[in-house]
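**Q** What follows is a structure written as C-alpha cells; I'll ask about it next.
The values are calculated or read from the model by the stated rules, or taken from the named source; none is laboratory data. This structure is a prediction, so every number in the text was calculated from the model and none was measured. Ideal geometry is used to build each Cβ from the backbone, glycine not excepted, and the neighbour counts take in all protein chains shown. What goes into the accessible areas is simple: the full protein's heavy atoms, side chains included, and nothing from ligands, DNA or RNA. Shrake-Rupley method; radii C 1.70, N 1.55, O 1.52, S 1.80 Å.
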Amino acid sequence: MSVRIVIGAQFGDEAKGKITDYLAADARYVVRTGGGPNAGHSIHLPEGLVVLHQLASGVLRHGVTGVSGPGMVLNPSRLEEELEDLERRQLLRGEVVLSDRAHVILPLHEIEDAWEDELRTQRDPAANLGTTRRGIGPAYADRAGRWGLRMADLTRPAVLRARLDLLYATKAQVPGLPPQEELAAQLSEVGGRLAPLIRPTEPMLWDAVARGESVLLEGAQSALLDLDFGTYPFVTSSHPTSAGALVGSGLPPTEVDEVIGVAKAYATRVGAGPFPTEESGPLGEFLRRVGGERGATTGRARRCGWLDLAMLRYVARLNGLTSWAITKVDVLGGLEQVPVSVRYELPDGSTIRDVLPSQAEDLAQARPVYEQLEGWPEFHERLKERIRREGAAALPASLRSFLERVGRETGVPVEYLGYGPGRDETLRLNVPLTQTTRGHRSAGSG
Ligand code: IMP
C-alpha cells in the first residue's frame, strides 16, 4: 500500500481527472491538495460526463473517501451545488470530507479577481492574466495576509462575524461588495449544512498511512502554473507541484512512494502567458477540434501546440517524478508526423534543455527546435478493442517508440497511457517501456 501523488506536468487540462479516477480504484483516500473551483476534472463515466471542481475524484467510487484538503480554497455555495448535482445523478458513491483548515472563497473574492484582472489590463494589456475569475488569487492572498476565513469558522457564528468584520476593513477599495451582515448570515447557513463534512483531515490521513491504506494525492492545475516555479506572473496562486501536494495535505515527504506526472501527447494552455510550442494556425485549430480543447470550468477555447521536452525535463526534476502518464495519444492518431520540441534556442544563441528561465519574458523569446517523429494510426474501435484485450502488445510500433523517446529524454518511464476519454481507455504498461536505471535523477544533463 502506498502514498502516490498525481500532478499535471504542463499548463493544466492534461486529463489528470481521468488518471486519478483510474488510480482511485486502488485507493482508500483521494485528496485534493490545492486550488479550488478554478479546476475542472472531467471524468467520463458510463452514466455520462462528470466535471469535478472542488471535490476529489474519490467521491465517485464506493469505499473511497474523497478529501478536499487543507491546501485548498473552497467556495462553499459552489461546493453545495456540486454535491447536489452528484446526489441528483446518484453518482455520489464515496464519502466526502472537507478540511477544517481549507480557506473560504467569498463572493467578494470573485469580485476582486475580476476587478484586479481588469485593473492590470487597463494599466498594460500585456499584463492581463486571464484568470478563471473564481476568486482564487484574492482568497490565497488573504490566507497569506492572515485575513482569511477557514472552513471551521463557518460553523462558529461569532468567530465568523469577527473574522468577516476584519476582512471587510481591508476591502474598502473593492467596488460592489455584498452587505457584510447579509453575507455573514448566508455563510452561517451554508456552514450549518456543511458542518457534518468538515473535520481535521491530516490525522485521518496519518492514521490511514499507519494502517497501510493507500492514499492518492490529486493535484489540480499543473507544475508550470506553480506560483514560484511556473511562468510567473502567468500562474495560479497555489503550488501544484509534488512539494505542494504535501503542504496541501499535511502528509510528510518520507511517506511518499510514487510521483506520477500527467502530460498530454501535445500541449495546451488556457489564459495568458508564454507557450513556446503554440500553434496559432490551422494545426492549432485541428488539435483544438479533435482534442475537444475547451476549458471545463470557463468554456474558453484552449491554446494548442506540441509536446515540449524541455518543459517535461524541468517538471520531472522539479517534482521527482517516478513515472509518466501520457494522455490523449488518440487525438494525434492519423498524423503522418508528430512534431516534438527537443530543446529551445534563445536569441543570444544559447540553448535550453531542461531549466526554464525565471522570467516569462525570456521564455516568450525561446524558439522551439522540433524533431518530426513518425505518427501512428487512428484509434478506431478495433484498435481500442485489441488494446483492451492484449494490452501494450497491441500498441502501434511508432507510438511505442514515441513513448520510449519521452522516457529516454526525461529519464522517467512512461507507465500509464490514456487513449480515449472513457473510464476503460487507460492502459497500465506493466513493464514500463523505458527502463531507466536511475529514474528521474538521470534527467537533465543541461
Ligand atoms: P486562477 O487560478 O483562476 O487565478 O488563474 C490563473 C491562471 O491559471 C489562468 O491562466 C488560468 O487560465 C490558469 N488556470 C487555473 N486553473 C486552471 C486549470 O484547472 N486548468 C488550466 N488552467 C488553469
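**Q** Check the straight Cα-Cα distances from residue 328 and name the lysines below 27 Å, setting aside those fewer than 8 residues away within the same chain.
**A** Output for residue 328: 16, 18, 264, 384.
**Q** What spacing in nm lies between the two simple spin-label points modelled at residue 378 and residue 257, each 7 Å away from Cα in the Cβ direction?
**A** 4.1 nm
**Q** What does the convex hull of the Cα atoms come to per residue for the stretch 265-442, in Å³? Display every interim value, and only then the final one.
**A** On the way: hull volume 22.6 nm³, N = 178.
Each residue corresponds to 127 Å³ of Cα convex hull volume.
**Q** Students often check this: by mean Cβ neighbours within 10 Å, which of 64-72, 136-144, 102-110 ranks highest, and how do the rest follow?
**A** Values: 64-72: 26.8, 136-144: 21.4, 102-110: 24.6.
Highest-to-lowest ranking by the protection proxy: 64-72, 102-110, 136-144.
**Q** Can you list residues from other chains, or at least 5 along the same chain, whose modelled amide H is less than 5 Å from the amide H of residue 294?
**A** Excluding prolines and chain starts, which carry no amide H, the hits are 302.
**Q** Moving on. Which order do the peptides 154-167, 12-25 take when ranked by the mean count of other beta-carbon atoms within 10 Å per residue, highest first?
**A** Numbers: 154-167: 16.1, 12-25: 24.5.
Most protected by this proxy first, the peptides run 12-25, 154-167.
**Q** Could I ask something else about it? Between residue 228 and residue 388, what is the label-to-label distance in nm when each label sits 7 Å out along the Cα-to-Cβ direction?
**A** Label at residue 228, label at residue 388, 4.5 nm between them.
**Q** Just to verify a number: FRET efficiency for residue 301 and residue 156, C-beta to C-beta distance, R0 = 30 Å, to 0.05? Don't skip to the end; give the middle numbers.
**A** Working: r = 43 Å, r/R0 = 1.45.
According to the calculation, E is roughly 0.10.
**Q** Can you grab the distance from the C-alpha centre of the stretch 1-40 to the C-alpha centre of the stretch 337-387, Å, no decimals?
**A** With the stretch 1-40 and the stretch 337-387 each reduced to a Cα centre, they are spaced 24 Å.
**Q** At a Förster distance of 51 Å, what's the computed FRET efficiency of residue 122 paired with residue 90, Cβ-Cβ distance as r, to 0.05? All intermediate terms of the calculation are to be shown ahead of the outcome.
**A** On the way: r = 47 Å, r/R0 = 0.93.
E(calc), rounded to 0.05, equals 0.60.
**Q** Based on alpha-carbon centroids, what's the gap between the stretch 192-244 and the stretch 93-149 in Å, whole number please?
**A** So the separation of the two Cα centres works out to 17 Å.
**Q** Follow-up question, since we're still on this one. Given a Förster distance of 51 angstrom, what is the FRET efficiency for residue 25 paired with residue 397, based on the Cβ-Cβ distance and rounded to 0.05? Don't jump to the answer; show the numbers that get you there.
**A** Details: r = 29 Å, r/R0 = 0.58.
With R0 = 51 Å, the Cβ-Cβ based efficiency is 0.95.
**Q** Gain in length, residue 408 to residue 424, computed as 0.36 nm per residue apart minus the alpha-carbon separation, to one decimal in nm? Each step should come with its number before you reach the end.
**A** On the way: separation 16, 0.36 × 16 = 5.76 nm, distance 2.73 nm.
Gain on stretching residue 408 to residue 424: 3.0 nm.
**Q** Once you keep just the Cα pairs under 8 angstrom separated by 6 or more residues, what percentage relative contact order results for the chain?
**A** Working: 1031 pairs, mean separation 82.0, N = 446.
Relative contact order, the chain: 18 percent.
**Q** Further, regarding this structure: Pairing the Cα long axis of helix 107-123 with the longest principal axis of the chain, what angle in degrees results, from 0 to 90 and rounded to the nearest 10?
**A** Here the helix axis deviates by roughly 60 degrees.
**Q** For the chain, take the longest principal axis of its alpha carbons; what is the angle in degrees between that and the long axis of helix 180-194, to the nearest 10 within 0 to 90?
**A** The helix 180-194 is inclined about 60 degrees to the chain.
**Q** Right, next: How much of the accessible area of the stretch 265-442, in percent, comes from carbon and sulfur atoms when a 1.4 Å probe is used? Don't jump to the answer; show the numbers that get you there.
**A** Details: 3590 of 7730 Å².
That share works out to 46 percent.
**Q** Another question, if that's okay. Using Cα-only point scatterers and the Debye equation, what is log10 of I(q)/I(0) for the chain at each q in 0.07, 0.11 Å⁻¹, rounded to two decimals?
**A** Each listed q maps to, in turn, -0.34, -0.84.
**Q** Residues of the stretch 118-274: accessible area per residue at 1.4 Å, in Å²? It would help to have the intermediate numbers written out before the result.
**A** Details: 7010 Å² over 157 residues.
Computed with neighbouring chains in place, this is 45 Å² per residue.
**Q** Quickly rank 243-250, 31-38 as a protection proxy: mean count of other C-beta atoms within 10 Å, highest first.
**A** On the way: 243-250: 23.2, 31-38: 29.9.
Highest-to-lowest ranking by the protection proxy: 31-38, 243-250.
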